Structure formats: structure tokens, C-alpha cells
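Trainee: Below: one structure in C-alpha cells.
The values are calculated or read from the model by the stated rules, or taken from the named source; none is laboratory data. Bear in mind that the values here come from a model prediction, so they are computed numbers and not experimental data. Virtual Cβ from ideal backbone geometry, glycine too; neighbours counted across all protein chains shown.
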There are 2 protein chains.
Amino acid sequence: MDRIMKERTGVGYAKRLFLEAIMPLKRTEKAEISDCVGRVISSSILAPRNVPHYRRSAMDGFAVRSADIIGASPTNPVMLQVSDDIEEGSSVQVSTGEYVPDEADAVIMLEDTISIGDMIEVRAQVHPGKNIGDVGEDVRKNEIIFNKGHQLRACDIAVLASLGIKEVTVYSKPVVAILPTGNDLIPLKDNEVPSPGKTLDINSLMIGLYVTKWGAEPRYCDIVSEDRDLIEEATKNNLDADFIVVSGGTSVGEKDFVPGVVASLGKKLVHGVGLSPGKPTALGIIDNVPVLCMPGYPAAGLVALFAFGKPAILKTGNLPEMPDLTVKARLTGKINSREGYVSYARVILEEDSGQTLARPLMTAGAGILSSMAKSGGFVIIPENVEGYEEGNEVDVVLIE
Amino acid sequence: MDRIMKERTGVGYAKRLFLEAIMPLKRTEKAEISDCVGRVISSSILAPRNVPHYRRSAMDGFAVRSADIIGASPTNPVMLQVSDDIEEGSSVQVSTGEYVPDEADAVIMLEDTISIGDMIEVRAQVHPGKNIGDVGEDVRKNEIIFNKGHQLRACDIAVLASLGIKEVTVYSKPVVAILPTGNDLIPLKDNEVPSPGKTLDINSLMIGLYVTKWGAEPRYCDIVSEDRDLIEEATKNNLDADFIVVSGGTSVGEKDFVPGVVASLGKKLVHGVGLSPGKPTALGIIDNVPVLCMPGYPAAGLVALFAFGKPAILKTGNLPEMPDLTVKARLTGKINSREGYVSYARVILEEDSGQTLARPLMTAGAGILSSMAKSGGFVIIPENVEGYEEGNEVDVVLIE
């Protein structure tokens, strides 16, 4: 019998223990910028050149020597030659963003001039430097553009491209080994109707797809039978990964060896959490590799994966926490919670005359498949709240 | 001079006009379920089999014939043989989820039995059907699992896998042709420092990366010079795409031909919107292909892409609107807006003793590059609001 399992660790505390034990990955790799949306840079990036790297006009107008037009005004205009070079008494037409010849020290706006043949009548004076963007005005050479740890967005990659940067060094994606356990499991690729009592291993695929979405690389492992030695061997074989998710085998039945294996190979932090569904979850660390043991029932496993796996995998991969997408909705029925548990209640989202409604799903023990397909989100009920009443406005966390 | 440009269409109205003119794509394709996270199914999916497809036990216990244990109680227990088959007076041990032999009609919980050698003492009676999950209890064969238009999540794909479905029919990804225009543009692949007055085409890459993120497929086109015939030809050549984004060439300068080309080939809906930055945006439809003409300045183009491109591309691809990720933050300085414009003010997000602060970026006309790199989000100021004061709590839309 497992003491900690009986004691039931609070979700917040369990998550903190787990995250504190996780060291973000140090491994890095070079990648082309166009492959780097969502990647995190492992060292600060300096601007390799000035932007602009030439003096550019901030206006449509004429590059001039400001000394040539001192005192110009509508009543006292100055005539300048329009030319290809600047010398005393001449000007060069420029558009916004264009190169301003070195000999010019200002740009006079188009609106302050009148074209007369190959001359312009200048009707205003300008200060030296007026309407010219200096070299390095936007980005100065060697300035830090992005700090270490910044997660690159598409617009950032455009900025890198404009600086002539083609490749950056980013943290590698953490490799997440996915270990399905269970005697009744059969691999998904044996896709015929499983014989009675057998279950297709759908969790591996589900975990793998989420892990990929969260910026990691799944490693799909073979199904391991409920045998202590085999589970230990499979776990050891995957300690070269950066994270291990074990699916199934984490209750306190006599055959549920997984948390015991974690404890014997490394440090079991938590076994049994105040999470509903998802109570049998166990968390540990073996040789600096975080291990999440999640329940084999897909719906309970999913909740454990969201509550513990996602933040832990993000931390492992040096990725910032992702805020959950939530919508406000009105409950069409009561939701009860389990005292002392953080409850994830599945709801169907419906639109009704401009209002969003959340219809609680009545989930029978085994009826997990259809409930996952139907539910749009979770109402997360904290430990100290008894539940919510019909008509309450609640936050629904959308299932990603 | 362009009348509509002068009139300035409101952002909300312009977006509605554009979206109403867009027909979601009808093209479909088959795809393996593991490639379908985020894809939208083009017809409803029916369950090809029952789940469970066998009668399964809802408890750890013994499958029995309920008639054999009528009246059983702690004071009046009934003895049953533990066997491999069910016949009168025998029972079969079952775990949760396991196959219940056809001859049994109930499962008695482990807790209500005492093992004695190869016999059990049964200390409770059960109704027929008790603790048995019937065939199809969870999902019934031919029941609709997902409706047409549902966007598949990883957990949905697990549900499909469990039903033995390997492949689904989804809407094709819309092909978005990206047409950069401008005489001063040079392709990114010519990655040396551009000569003075020349600008690297970074917009194509930026648009392409966002478009990919939004579930579409970018088609990168060659840079087109500011020549009416060439722009018309390039546009015509891309009418086999599902969407066209033209970058640049959309002001009202004499060389800005793009909206004129849209008007002559199809229907120009809007030219000039109350969006700051992003005013020169034009929207139109040619042969059912939506065309977004966005300003060539990256920061203004980005705002136009978010305000009009994203919802339009999602609609084209049959994808649901994505809610923006927002955070609440306190302004460290005043933000002014332009009257009659929806203003996207860029802010730097900072954490200060547990509070999130939004520091407005002072963006000089040309200083667009560094402002994009630095800003974490936009404060979007509606047309009828003058601006926000220092200390105001505002919603910051995170730049994705």
C-alpha cells in the first residue's frame, strides 16, 4: 500500500515540486530562420549591421543642402536645379525610404515645392538633418535585437531576415519518450477490431500529438507488459530522452509497478494527486529526466497531461508557459466537484442567441470516448469550491 | 485620386464586406489521422463500430449469473466456483474493462466477495446487467462522432483511432499566393547587404510564416515591379490560388497600381481603411479569389494582415475563428489614437513585482523594424476612444 497515494498531494503543490525539479534543456542546434517559428534562441542575437545602413529619406521630396534654402518661404521662394547629384544650388528627387546623397543634409517635403520644368521653387527652409533617417537610427550595429530565451514569432523572423541573418542557434526540442504499459493493450498499427478485452493503444498517439504541439519531439516506444522488470528495463532504456511519459500502470493495484520503478531508479516526488479525473498520477525524476506517470484511461490521462505534462514539457524545452484559451459561458446544469480535488468537468459548448452555454457532460465511468469527442472544454473547479450551480457564469478552458 | 481611399472605410464594416464576399473552400483531400491536428473534416464521421464492441466489466470482480446469487448477503453468503467459463454455480474473475463472458449477466464487485481456495463467498446479490457496460454503451455504431466542419484536436484523433479509423477527408489547405511588389525590393535569397535605397523583401517570408500558422499553404511569387501590366499579369497568373495577398503598391501615389488592377479584373470592395497603421489597405475579390492588398511597410502590413488577412484566410479554409490571446496590463504611459481610426499601439510587456506593465513604444515613421522586435503585443484602441492614460488597465493582444 502506498502512503503518499493515500495522502493525496494537492495539484498546485505537486506541480510546483515537479517543476522545481526540472532543469531546462541546455542542448542547442542551428536552424534556418524560416524553420524557427516558436523556437527559443539560446543566446542573445546582436544586429550584424545598421538599419538603415544608409541615410534614407523619411518623406517624398527633394534632398537638398539646407544652407542653400535658408530663409525660403512662400513669399520668398528659392529656386533649385533638379539634378542627379547634389552641389550648390541643386537638389535630387527622393521617395520615402530612398537613399539620400551624401552631399545633402536635409530633405524638403514635396508639398513645400513647386516643379517648374527642371527646377523647383522651394517655399520653406529646413534644418540640417530634417527628414533624414540616420544610419543605425532604427537598429544600431551590435545592439541586442533578441535576448537569450526569446521565443521567435513570424514577425521576429522577418526582422532577422532584414538584418541578413539566415540561421540562428536555438534550444533543441526535448525528446519525450512515450511508454505505454498494460497487458490488455495492442498497438494501433494492428488496426483490426481488437479481440474482446483488448484495447487499442490510443494514448501514445494522443500524447505524441500534444507533445509535438508543445514544441517537443515524441519518441514512440513499444507497449510494455505489466511486469516490474520489463517496465524497469524500458524506463532505463529511455533515460537518454529528455522526458518520459508512462501511460497506465499507476494505480495502487498489485500490478501497478510504475511508481515503484521510478522510486527505485530515481526519486518519486508524488504518487496520487488531488485531481479528478487523474488521481493516480505519479511524478518523479530519474537521472535528471522528469517522469510523468499518467493514468491509462484516456480522459483521466488527458487531464493529467494538461495539468502536469504540458507545463513540465514546456519548462524542459525552455519554452514560456502558454496561457490557456478560455471562454465565458453560462452553465445549463449543476457541476459537482469532489471535495479536496481540483476537478476538470467536461462541458459541451453551445451558442444560443448570442450567448455561450456550457452543458455539463454526464460521464459514466467507462464512457470516456464519446465524452472526449463531444466536449469543447473543461470547467476547472478549485479544491475549495464545492461546485457550480446552473446559471453560473464560468470560465471554460478550451481543449486544445 | 481615389474617392474610396479618401472616404476611409471603418475597420468593422470593411472586414464584414470582405468576409461576406468569401466562399469557404470546397476542395477536400484524404489524410492520415496522425497528420490531422487542426484540420477540418468535410463530412460528418459516423462510428464504424460499437464501443465497447464487447460487453465489458465496469468493476474489478467476478462475472456471475445473477440468478445464482439471489438473496446473498453477509449473513447468508452464496458459494461459487471460480472458473474459466460460466455455468450454473460458477464465476469468472474479471478486471475493469475486461470481457464479460456471454453466459454471465452481472459482475459482483471484488469487495462483496471473499476468496476461499478456488471458491468465492458472495456476500451481496446483484441485479441483471449490474456492473456491465453494454455493447455500444459509449459509442453506438453509425452514431455521428464528429459533425462536418469540426476542427480535429489531438484528443479527437485518439477517438478516431480507437474506432479503427485511419484516414479522414478534410478540407484542403487554401493556397495563398504572396505577391510582393516594389521597384526597390530585392529577394531575400540575394542575402548580401542591399545597396543603398534597396530593401530586402522580408514581407513575403513574414506573410508565408503566418499563413502557414493559420492552416494555409503559402505560394511565394517573384517580386513584381511597379508596372501596371506586370502587376495585372502576376495577379491573373495566380487566380488558380485560393487567396492572394499583395504586399506593397497600395497607397494613392501615382505608381500604386494594385487596387486599380483589382478593380479592373474583379471587384474592389474597399481601398483605404480606418486602421492605424495600415490605412492604405485594399480588399477585393477577383473570380471568387479574395485579394488583400496590404501596405509594404512591415509594421503596417502586419496590422493589416492580422485585422483582415487572418479572419479571411481562416474563413477561406473552413477554419473557425481563433480567439486572440490577451493579457491585462497597466499602461506606463499615455497612448493616443487617431480619431476615426482603430489604432494598434505596440507595447513592450514587462513584469514588475507580480504586475504586468505595458510600455508604449514610441514609433518613429521609419523605425519599424526594432519596434516589431521589441513589442510583445498591441493595445487596440477602438475608433470612438481617444486613447488611454498612464495607469489605465488595458487588454494587450499578444503578437503571435
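Trainee: Among the listed residues A:Ile178, A:Ile186, which satisfies the condition of being surrounded by 20 or more Cβ atoms within 10 Å (Cβ to Cβ), more than 7 Å from chain B (Cβ to nearest Cβ), in contact (Cβ under 8 Å) with a residue 12 or more places away in the chain and within 30 Å of B:Pro48 (Cβ to Cβ)?
Mentor: On the way: A:Ile186 fails: surrounded by 20 or more Cβ atoms within 10 Å (Cβ to Cβ).
Among A:Ile178, A:Ile186, only A:Ile178 is surrounded by 20 or more Cβ atoms within 10 Å (Cβ to Cβ), more than 7 Å from chain B (Cβ to nearest Cβ), in contact (Cβ under 8 Å) with a residue 12 or more places away in the chain and within 30 Å of B:Pro48 (Cβ to Cβ).
Trainee: Taking the options A:Gly149, A:Gly129, A:Gly97, name whichever one is within 14 Å of chain B (Cβ to nearest Cβ), at pLDDT 95 or above and not in a strand (DSSP E or B).
Mentor: On the way: A:Gly129 fails: at pLDDT 95 or above; A:Gly97 fails: at pLDDT 95 or above.
Sole residue among the options that is within 14 Å of chain B (Cβ to nearest Cβ), at pLDDT 95 or above and not in a strand (DSSP E or B): A:Gly149.
Trainee: With respect to the numbered conditions (1) surrounded by fewer than 22 Cβ atoms within 10 Å (Cβ to Cβ); (2) more than 21 Å from B:Arg219 (Cα to Cα), which one is the sole condition not fulfilled by B:Pro280?
Mentor: Of everything listed in (1) surrounded by fewer than 22 Cβ atoms within 10 Å (Cβ to Cβ); (2) more than 21 Å from B:Arg219 (Cα to Cα), B:Pro280 misses just condition (1).
Trainee: Further question: Which members of the stretch A:162-175 meet the condition of being in a loop (DSSP other than H, G, I, E, B) and either facing another protein chain (nearest Cβ under 9 Å) or more than 27 Å from B:Ile33 (Cα to Cα) (or both)? If you could, list the steps in order and put the result at the bottom.
Mentor: Step one: list which residues in the stretch A:162-175 are in a loop (DSSP other than H, G, I, E, B), which gives A:163-166, A:172-174.
Within the stretch A:162-175, A:Leu163, A:Gly164, A:Ile165, A:Lys166 qualify.
Trainee: Also, quick follow-up: Can you tell me which residue in the stretch A:246-265 is modelled with the highest pLDDT, limited to those that are charged (D, E, K, R) and surrounded by fewer than 20 Cβ atoms within 10 Å (Cβ to Cβ)? Break it down into steps so the answer makes sense when it comes.
Mentor: First, the residues of the stretch A:246-265 that are charged (D, E, K, R): A:254-256.
Next, from what is left, pick out any that are surrounded by fewer than 20 Cβ atoms within 10 Å (Cβ to Cβ): A:254-255.
Values: A:Glu254: 54, A:Lys255: 62.
Filtering the stretch A:246-265 for residues that are charged (D, E, K, R) and surrounded by fewer than 20 Cβ atoms within 10 Å (Cβ to Cβ), the one modelled with the highest pLDDT comes out as A:Lys255.
Trainee: Additional query: When the residues of the stretch A:141-171 are filtered to those that are more than 17 Å from the chain's Cα centre (by Cα) and of a type in the set (Val, Ile, Thr), which remaining residue is nearest to B:Phe306 (Cα to Cα)? First the steps, then the outcome.
Mentor: Within the stretch A:141-171, the first condition is being more than 17 Å from the chain's Cα centre (by Cα), and the residues that meet it are A:141-145, A:158-169.
Going one step further and asking which of them are of a type in the set (Val, Ile, Thr), we end up with A:144-145, A:159, A:165, A:168-169.
Working: A:Ile144: 27, A:Ile145: 23, A:Val159: 17, A:Ile165: 25, A:Val168: 26, A:Thr169: 28 Å.
Result: A:Val159.
Trainee: Moving to a separate point now. Please verify whether the stretch A:28-46 includes one or more residues that are more than 21 Å from the chain's Cα centre (by Cα) and small (Gly, Ala, Ser). Break it down stepwise before answering.
Mentor: Taking the stretch A:28-46 as the starting set, the residues that turn out to be more than 21 Å from the chain's Cα centre (by Cα) are A:46.
Okay, now just the ones that are also small (Gly, Ala, Ser), so none.
No, there is no match, as no residue in the stretch A:28-46 is more than 21 Å from the chain's Cα centre (by Cα) and small (Gly, Ala, Ser).
Trainee: Now for a different question. Of the residues B:Met79, B:Met109, only one is touching an Asp or Glu at 6+ places or on another chain (Cβ under 8 Å) and within 13 Å of another protein chain (Cβ to nearest Cβ); which? Spell out the reasoning first.
Mentor: Values: B:Met79 fails: within 13 Å of another protein chain (Cβ to nearest Cβ).
Unique residue meeting the criteria: B:Met109.
Trainee: Go over the candidates B:Val135, B:Val159 one by one and state the one that is modelled with pLDDT under 95 and more than 7 Å from chain A (Cβ to nearest Cβ).
Mentor: Going through B:Val135, B:Val159 in turn, just one is modelled with pLDDT under 95 and more than 7 Å from chain A (Cβ to nearest Cβ): B:Val135.
Trainee: Within the stretch B:47-76, count every residue that is in a strand (DSSP E or B), under 30 Å from B:Lys166 (Cα atoms) and either over 55 Å from the mean Cα position of the chain (by Cα) or not charged (D, E, K, R) (or both).
Mentor: Final tally of qualifying residues: 2.
Trainee: Let me spell it out: the conditions are (1) aliphatic (A, V, I, L, M); (2) part of a strand (DSSP E or B); (3) buried (at least 16 other Cβ atoms within 10 Å of the Cβ), and A:Ala104 meets all of them except one. Which number is the exception?
Mentor: With respect to (1) aliphatic (A, V, I, L, M); (2) part of a strand (DSSP E or B); (3) buried (at least 16 other Cβ atoms within 10 Å of the Cβ), A:Ala104 is out only on (2).
Trainee: Which count do you get for residues in the stretch B:372-400 that are more than 14 Å from chain A (Cβ to nearest Cβ), touching a residue at least 60 places away in the same chain (Cβ under 8 Å) and outside any strand (DSSP E or B)? If you could, list the steps in order and put the result at the bottom.
Mentor: At the first step, the residues of the stretch B:372-400 found to be more than 14 Å from chain A (Cβ to nearest Cβ) are B:379-394.
Narrowing further to those that are touching a residue at least 60 places away in the same chain (Cβ under 8 Å): B:383, B:391-394.
Now restrict to residues that are outside any strand (DSSP E or B): B:383, B:391-392.
The qualifying residues number 3.
Trainee: Hey, another quick one. Output the number of the condition that B:Glu111 fails; it satisfies all remaining conditions of (1) surrounded by 17 or more Cβ atoms within 10 Å (Cβ to Cβ); (2) under 52 Å from the mean Cα position of the chain (by Cα); (3) not aliphatic (A, V, I, L, M).
Mentor: That leaves (1) as the condition not met.
Trainee: Do you know which of the residues in the stretch B:209-234 that are more than 14 Å from chain A (Cβ to nearest Cβ) and under 28 Å from the mean Cα position of the chain (by Cα) is nearest to B:Pro311 (Cα to Cα)? First the steps, then the outcome.
Mentor: Initial filter on the stretch B:209-234 (more than 14 Å from chain A (Cβ to nearest Cβ)): B:217, B:219, B:221-225, B:227-234.
Going one step further and asking which of them are under 28 Å from the mean Cα position of the chain (by Cα), we end up with B:217, B:219, B:221.
Values: B:Glu217: 15, B:Arg219: 19, B:Cys221: 22 Å.
Checking each candidate, the answer is B:Glu217.
Trainee: Looking at (1) among the hydroxyl-bearing types (Ser, Thr, Tyr); (2) touching a strand residue (DSSP E or B) at 6+ places or on another chain (Cβ under 9 Å); (3) surrounded by fewer than 19 Cβ atoms within 10 Å (Cβ to Cβ); (4) at pLDDT below 95, which one does B:Ser375 not meet, given that it meets all the others?
Mentor: B:Ser375 satisfies all of (1) among the hydroxyl-bearing types (Ser, Thr, Tyr); (2) touching a strand residue (DSSP E or B) at 6+ places or on another chain (Cβ under 9 Å); (3) surrounded by fewer than 19 Cβ atoms within 10 Å (Cβ to Cβ); (4) at pLDDT below 95 except (3).
Trainee: Of the conditions (1) assigned to a helix (DSSP H, G or I); (2) farther than 26 Å from A:Asp60 by Cβ; (3) within 14 Å of chain A (Cβ to nearest Cβ), B:Pro311 satisfies every one except a single condition; which number is it?
Mentor: Failing condition for B:Pro311: (3).
Trainee: Something else: Testing B:Leu302 on (1) part of a helix (DSSP H, G or I); (2) within 14 Å of chain A (Cβ to nearest Cβ); (3) touching a Phe, Trp or Tyr at 6+ places or on another chain (Cβ under 7 Å), one condition comes back false. Which one is that?
Mentor: Result: B:Leu302 fails condition (3) only.
Trainee: Sticking with this structure for a sec: B:Arg55 fails exactly one of the following numbered conditions: (1) within 12 Å of chain A (Cβ to nearest Cβ); (2) touching a Phe, Trp or Tyr at 6+ places or on another chain (Cβ under 9 Å); (3) without any contact (Cβ under 8 Å) to a residue 60 or more places away in the chain. What is the number of that condition?
Mentor: Just one mismatch for B:Arg55, condition (3).
Trainee: Another one. What's the total number of residues in the stretch A:44-69 that are polar (S, T, N, Q) and within 11 Å of A:Glu137 (Cβ to Cβ)? Full working, then the answer.
Mentor: Step one: of the stretch A:44-69, the residues polar (S, T, N, Q) are A:44, A:50, A:57, A:66.
Narrowing the set further to residues that are within 11 Å of A:Glu137 (Cβ to Cβ) leaves A:50.
Adding up the residues that qualify gives 1.
Trainee: Further, regarding this structure: Determine whether B:Val347 is over 24 Å from B:Ile178 (Cβ atoms), under 23 Å from the mean Cα position of the chain (by Cα) and outside the structural domain of B:Lys15 (by TED's automatic domain parsing).
Mentor: The answer is no for B:Val347.
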